[in-house]
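Worksheet: one structure, shown below.
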Amino acid sequence: RWKDIMKSKNIEDQAYQAVEMGEIEIDNMGRVWRLAVRRSNRWTGETKQVKCNRKRAEHDNGHYLMVRVMIDGTRFHALAHRLVWRHFMGRIPAHLTINHKNGNKRDNRLENLELATYSEQRIHAIQVLNHSWIQNGEKNAMAKLTNPQVLEIRKLRASGMKLKEIGDIFGVSFQAISKIAKHQRWG
């Protein structure tokens, strides 16, 4: 049966097979539990399921809770919230993702999960959770200039100074100066 799973390119499908085979259990609170592990005999190559004490199967990857499944010596990782959705609601359509309504990526209760497009997730994060991934101006970690420097660049350019000269003063390219002067950057 594991050979059939390997043919699937969707790791989520492979991880969910562990639920169907009784190795993993998903409870009503969205928690994933390990009930058994797969052990292989290194001399015969035979793999068998061995019951273990019930323990949490998720681990924290820094952003989301993940579930690891070992299949024929290969470890696969699946997002716990996607497994929870699939367990209770069915397959997730290819063009959709799972959004955490309250913004807590570790809260995988079904009532906290909803189907969403990437655009809907971004709007939710900005409007509901007050998150902003768009870091403009000085807030951008890659910014080389400050707001007062940008104002000075615009004044120098308006006075007729050449783009390259301004770029040399501030340590940026003449292309960057041109975009700043035209208000295409640092709006």
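The values are calculated or read from the model by the stated rules, or taken from the named source; none is laboratory data. Please read all numbers here as calculations on a predicted model, not as lab measurements. Backbone-built Cβ (ideal geometry, glycine too); neighbour counts: all protein chains shown. Calculation scope for accessible area: heavy atoms of the full protein, side chains included, ligands and nucleic acids excluded. Shrake-Rupley method; radii C 1.70, N 1.55, O 1.52, S 1.80 Å.
Within the stretch 41-73, which residues are over 17 Å from residue 26 (Cβ atoms) and in contact (Cβ under 8 Å) with a residue 24 or more places away in the chain?
47, 49, 60, 63, 70, 71, 72, 73 - these are the residues of the stretch 41-73 that are over 17 Å from residue 26 (Cβ atoms) and in contact (Cβ under 8 Å) with a residue 24 or more places away in the chain.
Residue check: is residue 151 under 37 Å from the mean Cα position of the chain (by Cα), assigned to a helix (DSSP H, G or I) and of a type outside the set (Asp, Glu)?
For residue 151, the condition - under 37 Å from the mean Cα position of the chain (by Cα), assigned to a helix (DSSP H, G or I) and of a type outside the set (Asp, Glu) - is met.
Out of everything in the stretch 92-128 that is open to solvent by 80 Å² or more (accessible area, probe 1.4 Å) and touching a residue at least 12 places away in the same chain (Cβ under 8 Å), what residue ends up being farthest from the chain's Cα centre (by Cα)?
That would be 128.
Restricting attention to the stretch 28-51, and to residues there that are among the small types (Gly, Ala, Ser) and at pLDDT 85 or above, which single residue is surrounded by the fewest Cβ atoms within 10 Å (Cβ to Cβ)?
Looking at the filtered set, the residue picked out is 36.
Would you pick out the residues in the stretch 1-21 that are at pLDDT 90 or above and loosely packed, with under 14 Cβ neighbours inside 10 Å?
20
For residues that are of a type in the set (A, V, I, L, M) and surrounded by 12 or more Cβ atoms within 10 Å (Cβ to Cβ), scanning just the stretch 129-148, find the one that is modelled with the highest pLDDT.
If we take residues in the stretch 129-148 being of a type in the set (A, V, I, L, M) and surrounded by 12 or more Cβ atoms within 10 Å (Cβ to Cβ), then 145 is modelled with the highest pLDDT.
Starting from the stretch 148-159, take each residue that is under 15 Å from residue 174 (Cα atoms) and list its partners that are of a type in the set (A, V, I, L, M, F, W, C) and not in a helix (DSSP H, G or I), counting only C-beta distances under 7 angstrom and pairs at least six apart or across chains.
150/186
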